[in-house]
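Let me begin by presenting the structure, written as structure tokens, before commenting on it.
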Amino acid sequence: MTPEKPERLARLWRYGRYFAAAVAFVGLLLIVVSPVLGDNASEKLWLIEPIAYIGGILLAAGSVLVAVTYIATERAVATPPGDSRQEWSRLTREYFDLFGHDLGRPLRRILGRARDARVRIDESGRNPDPALSELIDEIEQQAPTFRLMVSNVQVLIELENPAAEPEIEATDPARVIRNIVDRYSGIAGDRGAEITWWSEPEEFGVVYADPAALDHVVTNLVDNAVNHVNEHIEIRLTRNPTHFFVRVWDDGDGIPASYLPHVFDRGWTPEAAGRQERSSSGLGLFIARALARRCDGDVTLESVAAPGEDHHTEATIMLPLLERPG
Amino acid sequence: MTHNSSHAAGRRILVVDDEPDTALMRSVLRALQADGFEPLVVRPGAEGAGSALVGEEIVVTGEDFEAEALYAIEEHRPAGVILDVRFGEHRDDLFKGLGILGKIVERDPELPVLMFTQYTRGPARDAAVAGTLRHDARVDFVDKLASPEEVVLRLRRMIGTAPERIQVGAEFLIDPDAEIVYAVSANSEDGAGDGSPVPGIAIPEIQGMKFGILLELASAYYRSPGELVPFSRLERFSEGDDSRASLRVRIREIKNAMGDAIDRRLGPNDLIINVRNRGYRLAPLRPE
């Protein structure tokens, strides 16, 4: 059903209700005026009874019709098929924004205090307790995770909205990657790893894409790589005549072949397969692929979990090179 | 890595925020100062007449905060502006920063503006981006949970000026004008006594093309840590038929000289990293 149809139906019922109300009103009017008519025109007394009867019938019929059309109108407006999900999505997003704002404020305070604590320790000139430094590191490292978690929830809500479309605009993918590397270099460094990135060609230029979606997909894959890397992460931006690609490679222990078919399933984690406690929500890759596919692209994964030095994982984002919109 | 400036021309950053006292904002201001920027905060203050300069703040006490912020830009000619999208909780103030941004762009479209948003996604950011896309401006966004280092890196790239000195980790300092690389002593302090690193021991072996290679790598690192410098940008510092072999030899010599200056042997993944026949990049040394 197209979105216009429930609207038209609701309008039709609403007009029917007005008509029914008018009928009932005429009926009521006839009942009221019938004795008056009889008094003022004694020669027409015979009319009183039939007018009263007709008025009564019109009033009753009109009232029933008002009730029926009222219920039908409300139902047509309240539960048009297809619209309820959009309404739910809109409301959920509104609630989420309020919740996200309220959650962000205390988090910013905690993070700010942690940074203040680090400055005070540095200024004191004393060697801090290693456990205290670790605690501050941990608080600071959780900030990007929190940012990603908040974004993931929002994207999940958006993905539920069938009417949502990618917002295509001129996008510099190199800039998107550069900003993500800024965000994750420090965390990777704290874990003894490096992130290196480059584009081919060197001057990659502008493409037409959904920048928020691209940022989100790459962030999820880099976050994943940082969580599993041993020493090196490499991010490569390339293109062919029809698509552009972002490859995120890490030298982590790799994913066993038996797990690979499941890694894009919603909520799947290796721990879930082993019925152990989860280390993550298992939503990152699911969201990345769903978002890329909504943009007519895809995310694929190649991994080697062999013992020795060959183990690695490479996630590839493929997105179409679109024409300039409009 | 920090940038050290002996004079502050073009390093002033105007910070327009209604809550500059939050711990998070303080950490950003500290990071800006540590990087050689001069942050100057424009903030609303208590009711009263006119504005008063308080230390490194301009406290706007009148109602017309927007006009005062714009006046401060004309008065102080900053190299860039950090601007909060949201001013207060009132519905009318949610995107007040965008209104100020529009006026800034109208007056000076070349002025880099970094906007603080609540999150990387969401309607607030969408509205902020949409509001900005109307302008062909040098505008970027960063969310408030970004690390101070991230904010500084964004500003460095937006402003784009070449640094006067580039510090690489705690050990080395590069002076591009004098074409000298220094090994910085942990105990060195400058004359002002503020603890900022000063040239330590010069490393005389790094000159000419070797200095050119190191400066190219350090400049790239200064703007974008992690970004590879491809061979195409380094080949001009090589000689002979096999330019890559020539580069390899020079980089080995650079690493040996820098390692000797700090009594440390630098391995393949220390300081200058080669990425599978594509190029090199600088990575500050990790503690041993």
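By the compact-protein rule of thumb, 2.2 N^0.38 Å, the alpha-carbon radius of gyration of the stretch A:117-176 corresponds to a ratio of 1.90. Among the residues of B:150-161, the average count of other protein chain beta-carbon atoms within 10 Å of the residue beta-carbon is 2.
Along the axis of the charge dipole computed for the stretch B:166-283 (Cβ charges of +1 for Lys and Arg, -1 for Asp and Glu, origin at the Cα centre), the listed residues B:277, B:181, B:246 are led at the positive end by B:277.
Compute the Cα gyration tensor for the stretch B:166-283, then decide on rounded, prolate or oblate, letting a ≥ b ≥ c be the square roots of its eigenvalues: rounded whenever a/c is under 1.5, prolate when a/b is larger than b/c in the other cases, and oblate in all that remain. Prolate shape, in that a/c is at least 1.5 and a/b is the bigger ratio.
Volume of the convex hull of the stretch A:169-320 (Cα atoms only), normalised per residue: 114 Å³.
In sequence order, the stretch A:234-247 has phi-based couplings of 10, 10, 10, 10, 9, 8, 10, x, 10, 9, 10, 10, 10, 10 Hz under the Karplus curve 6.51 cos²θ - 1.76 cosθ + 1.60, θ = phi - 60°, and Gly or Pro positions carry x.
Remark: relative contact order (the stretch A:83-160) = 52 percent; criterion is Cα-Cα distance under 8 angstrom and separation of 6 or more residues. Inter-chain Cβ neighbour count for B:21-30, averaged per residue, equals 5 (cutoff 10 Å, partner chain atoms only).
Going from the residue with the fewest nearby Cβ atoms within 10 Å to the one with the most, B:273, B:201, B:100 rank B:201, B:273, B:100.
Largest first, the extents of the alpha carbon coordinates of the stretch A:83-160 on the three principal axes equal 62, 17, 12 Å. The residues B:103, B:144, B:210, when put in order of fewest to most other Cβ atoms within 10 Å, stand as B:103, B:210, B:144. Shape of the stretch A:139-239 from its Cα gyration tensor (a ≥ b ≥ c, root eigenvalues): rounded if a/c is under 1.5, otherwise prolate when a/b > b/c, or oblate? Since a/c reaches 1.5 but b/c is at least a/b, the shape of the stretch A:139-239 is classed as oblate. Please sort by residue number the GluC sites (Glu not before Pro) in the stretch A:168-274 whose DSSP state is loop and whose Cβ has at most 11 other Cβ atoms within 10 Å. Here the sparse-neighbourhood loop sites are A:203.
Listing A:115, B:248 from fewest to most neighbouring C-beta atoms within 10 Å gives B:248, A:115. In order along the stretch A:299-315, phi translates into HN-Hα couplings of 10, 10, 9, 10, 8, 10, 10, 5, x, x, 9, 8, 5, 6, 9, 10, 9 Hz, rounded to whole numbers, per the Karplus curve 6.51 cos²θ - 1.76 cosθ + 1.60 with θ = phi - 60° and x for Gly and Pro.
Rule-based calculations on the coordinates, nothing more; no lab input. This is a predicted model, so every value here is computed, not measured. A quick note on method: Cβ atoms are made from the backbone with ideal geometry, for glycine too, and the neighbour counts reach across all protein chains shown.
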